[in-house]
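Here's the structure we're looking at; comments come further down.
The values are calculated or read from the model by the stated rules, or taken from the named source; none is laboratory data. All of these numbers come straight from a predicted model, not from anything done at the bench. Here Cβ is always computed from backbone atoms with ideal geometry, including for glycine, and neighbour counts include all displayed protein chains.
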Amino acid sequence: MKQLSTLLLKEWRENVRNYKVFWIPVVFILLGVTEPLSNYYLPQILDAAGGLPDGAVIEFPEPEPEQLLVAVMGQFQTIGMLVLVLAYMGSIAGERRNGTATLLYARPLSFTSYFLSKWMMASLIAMISIWTGFLAGYYYTAVLFSAVPFGDFLLFAITYSLWILLVVTMILFASAAMPSAGLTAALALTVLIIAQLVDGLLGSRWIWSPLKLPNYAAAFLDIGPDGGAFVGAVLLAIICIFGLAAFGIWFSKRNRSKAKV
Amino acid sequence: MIDEQALLLVLPILLLQLALMIFALVDLIKNPNPNGPKWMWAAIIVLLNIIGPILYFIIGRRNY
């Protein structure tokens with residue numbers, strides 16, 4: 001326990017000093033705010049960009065506030081996830097290379113505490129980021145269009161949080177298993193993006209797939225997902241998180257000899 | 001074209017962008033060994049808003 005708190009303090013200092021605590025949430029807030037704003041000012045933006053003949057009239061349907069929140073989630077799914085992967089790809093693989101690992105591994109280190117401290121700090125920052133991002137998006141949508149019922153919004157954001165926890169665990173697992181930060185990013189992005197693509201194309205029957213969590217989150221803003229499928233996906237996601245974390249701990253122990261001295 | 005309401009709505013975004021840029025610039029000034037020439041990174045951070053600071057934090061810091 002003592003080791004975990006010391007390592008957590010180290011992680012926290014590192015994340016403050018490389019400004020990750022600040023810039024990752026700022027990126028997510030910007031993503032969350034841009035979507036409602038650009039929809040609101042779409043007519044003016046088109047007007048300013050020019051290219052339309054004089055007197056052209058385009059009727060813009062008023063976007064539903066739910067659609068805007070789902071669009072914000074879409075931004076998080078692409079740019080947001082890329083930012084998370086690139087920000088945390090080096091957390092274990094990079095330490096082996098830049099020398100921090102030699103300082104750590106020379107001590108009687110519990111790899112469980114080591115992995116967990118990284119996981120907790122990365123998850124904490126990811127959670128702060130997506131919640132501030134979603135709340136900013138929610139606020140702007142409510143001001144510019146109309147408010148989504150807050151209960152639905154909470155269920156949506158909580159479900160999406162579970163998905164992001166899975167993503168963070170996947171990134172750290174890849175970082176523990178791979179020899180370099182670049183390969184970590186490649187593995188994590190391939191698994192996350194290709195698996196989602198395959199799941200979207202072929203997986204209409206795999207209703208318990210944790211990869212469907214973002215879809216289920218979006219469904220909460222509409223009529224709500226199918227109860228059984230949702231519970232199944234949540235349970236499977238939790239099992240995946242524990243499994244990946246266990247493998248991550250095992251890999252970080254096994255790969256300690258790869259540290260560059 | 002720019003009315004007061006629009007300004008109030010867009011102001012938080014501008015402030016956040018500015019904050020991001022300042023964080024990146026402060027870090028760049030303190031960084032003894034960035035991944036590439038400092039003046040190049042300064043130009044990227046200032047000229048490309050949002051993307052510039054992110055690029056610097058991910059590629060330019062050399063933290064791995």
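Tally up the residues in region B:16-27 that are more than 10 Å from chain A (Cβ to nearest Cβ) and under 23 Å from A:Y139 (Cβ atoms), please.
Count: 1.
Determine which single condition B:L11 fails, assuming it passes every other condition in (1) surrounded by 17 or more Cβ atoms within 10 Å (Cβ to Cβ); (2) within 23 Å of A:A136 (Cα to Cα); (3) modelled with pLDDT of 85 or more.
Every listed condition holds for B:L11 apart from (1).
Which of the residues that make up region A:37-51 are surrounded by fewer than 11 Cβ atoms within 10 Å (Cβ to Cβ) and not in a helix (DSSP H, G or I)?
Of everything in region A:37-51, those that are surrounded by fewer than 11 Cβ atoms within 10 Å (Cβ to Cβ) and not in a helix (DSSP H, G or I) turn out to be A:G50, A:G51.
Please pick out the residue among A:L30, A:L68 that is within 10 Å of chain B (Cβ to nearest Cβ), aliphatic (A, V, I, L, M) and in contact with a helix residue (DSSP H, G or I) (Cβ under 9 Å, 6 or more places away or on another chain).
Just one listed residue meets the conditions, A:L30.
Only one of B:L14, B:L7 is closer than 19 Å to A:F28 by Cβ and of a type outside the set (F, W, Y). Can you tell me which?
Answer to the check: B:L14.
Of the numbered conditions (1) exposed (fewer than 14 other Cβ atoms within 10 Å of the Cβ); (2) of a type in the set (G, A, S); (3) in contact (Cβ under 8 Å) with a residue 12 or more places away in the chain, B:A42 fails exactly one; give the number of that condition.
In the conditions (1) exposed (fewer than 14 other Cβ atoms within 10 Å of the Cβ); (2) of a type in the set (G, A, S); (3) in contact (Cβ under 8 Å) with a residue 12 or more places away in the chain, B:A42 misses (1) alone.
Restricting to region A:77-134, and then to whatever is among the small types (G, A, S) and not in a helix (DSSP H, G or I), can you tell me which residue is surrounded by the fewest Cβ atoms within 10 Å (Cβ to Cβ)?
A:A106
Suppose we keep only residues that are within 20 Å of A:I164 (Cα to Cα) and aliphatic (A, V, I, L, M) within region A:9-30. Which one would you say is surrounded by the most Cβ atoms within 10 Å (Cβ to Cβ)?
Out of the qualifying residues, it is A:I24.
Would you tally the residues in region A:182-201 being touching a residue at least 12 places away in the same chain (Cβ under 8 Å) and farther than 18 Å from A:L244 by Cβ?
Going through region A:182-201 one residue at a time, the tally reaches 1.
When you go through A:Y114, A:Y105, A:Y88 one by one, which is the residue that is of a type in the set (F, W, Y) and within 14 Å of chain B (Cβ to nearest Cβ)?
A:Y88
Pairs, please: C-beta under 8 Å, at least 6 apart or cross-chain, first residue away from chain B (no Cβ under 11 Å) and in region A:41-52, second outside any helix (DSSP H, G or I)?
Listed by first residue and then by second, the contacts come to A:L42/A:F60; A:P43/A:I58; A:P43/A:F60; A:L46/A:L52; A:L46/A:I58; A:L52/A:I58.
Please go through region A:1-27 and give me each residue that is of a type in the set (S, T, Y) and at the interface with another protein chain (Cβ under 9 Å from one of its Cβ atoms), ordered by number.
Selection gives A:Y19 alone.
Kindly evaluate A:L155 against the criterion of being closer than 24 Å to A:S91 by Cα and either of a type in the set (G, A, S) or more than 14 Å from chain B (Cβ to nearest Cβ) (or both).
No.
Limited to region A:202-223, what total is found for residues that are surrounded by fewer than 16 Cβ atoms within 10 Å (Cβ to Cβ) and in contact (Cβ under 8 Å) with a residue 40 or more places away in the chain?
Final tally of qualifying residues: 1.
Could you please give the count of residues in region A:200-235 that are part of a helix (DSSP H, G or I), within 22 Å of the chain's Cα centre (by Cα) and hydroxyl-bearing (S, T, Y)?
1
Name every residue in region A:146-165 that is surrounded by 18 or more Cβ atoms within 10 Å (Cβ to Cβ) and not in a helix (DSSP H, G or I), in order of residue number.
Selection gives A:V148 alone.
Restricting to region B:28-53, name every residue that is under 28 Å from A:T100 (Cα atoms), modelled with pLDDT under 90 and within 14 Å of chain A (Cβ to nearest Cβ).
Matches in region B:28-53: B:K30, B:N31, B:P32, B:N33, B:P34, B:N35.
Return a yes/no flag: does region A:95-114 have any residue that is within 28 Å of A:A195 (Cα to Cα), touching a residue at least 40 places away in the same chain (Cβ under 8 Å) and among the hydrophobic types (A, V, I, L, M, F, W, C).
For region A:95-114, residues within 28 Å of A:A195 (Cα to Cα), touching a residue at least 40 places away in the same chain (Cβ under 8 Å) and among the hydrophobic types (A, V, I, L, M, F, W, C): absent.
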